1. For Glu40, are the conditions met, namely being under 30 Å from Leu72 (Cβ atoms), within 22 Å of the chain's Cα centre (by Cα), modelled with pLDDT of 80 or more and open to solvent by 100 Å² or more (accessible area, probe 1.4 Å)?
2. Tell me, please, whether a residue that is on the phi > 0 side of the Ramachandran plot and modelled with pLDDT under 95 can be found in region 54-76.
3. Out of region 45-67, which residues are outside any helix (DSSP H, G or I), open to solvent by less than 90 Å² (accessible area, probe 1.4 Å) and out of contact with any helix residue (DSSP H, G or I) (no Cβ under 8 Å at 6 or more places or on another chain)?
Amino acid sequence: MDVIRKVSVILIFVALISFVGEYADAEHNTKININTATIEELMSLNGIGEKKAESIVEHREKFGSFSTIEDLKGVKGVGDKIFNKIKDQIVVE
């Protein structure tokens with residue numbers, strides 16, 4: 001009986017670790033919608049500080065939603081170098 005209890009505890013522990021690991025990966029892979037992101041959310045992107053995040057929001061408010069992620073390069077201060085750093089972290093919806 002002790003062996004069955006120990007095996008059960010180990011299986012539950014392994015299942016819990018697997019679940020937590022998958023949850024962490026899913027959270028890490030969440031892309032930021034540049035059409036709805038706040039300044040704080042934009043600042044979580046590599047190479048985007050407060051000024052660039054503010055510029056993105058101002059551009060979006062002035063010209064409307066982005067049609068593609070590449071449209072982000074039309075924002076002052078966001079060129080190919082910054083875009084290439086963040087393109088896998090952003091989405092347009």
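1. Values: under 30 Å from Leu72 (Cβ atoms): yes; within 22 Å of the chain's Cα centre (by Cα): yes; modelled with pLDDT of 80 or more: yes; open to solvent by 100 Å² or more (accessible area, probe 1.4 Å): yes.
Yes.
2. Of the residues in region 54-76, the ones on the phi > 0 side of the Ramachandran plot are 64.
From what's left, modelled with pLDDT under 95: none.
No, there is no match, as no residue in region 54-76 is on the phi > 0 side of the Ramachandran plot and modelled with pLDDT under 95.
3. Here is the first cut: in region 45-67, the residues outside any helix (DSSP H, G or I) are 45-49, 64-67.
Then keep just the ones that are open to solvent by less than 90 Å² (accessible area, probe 1.4 Å); that gives 45-49, 64-66.
Residues satisfying the conditions are Gly64, Ser65.
The values are calculated or read from the model by the stated rules, or taken from the named source; none is laboratory data. Note that the structure is a prediction, hence the values are computed from the model and not measured. Virtual Cβ from ideal backbone geometry, glycine too; neighbours counted across all protein chains shown. For the accessible areas, the whole protein counts, side chains as well, though only heavy atoms, and no ligand, DNA or RNA atoms are used. Shrake-Rupley method; radii C 1.70, N 1.55, O 1.52, S 1.80 Å.
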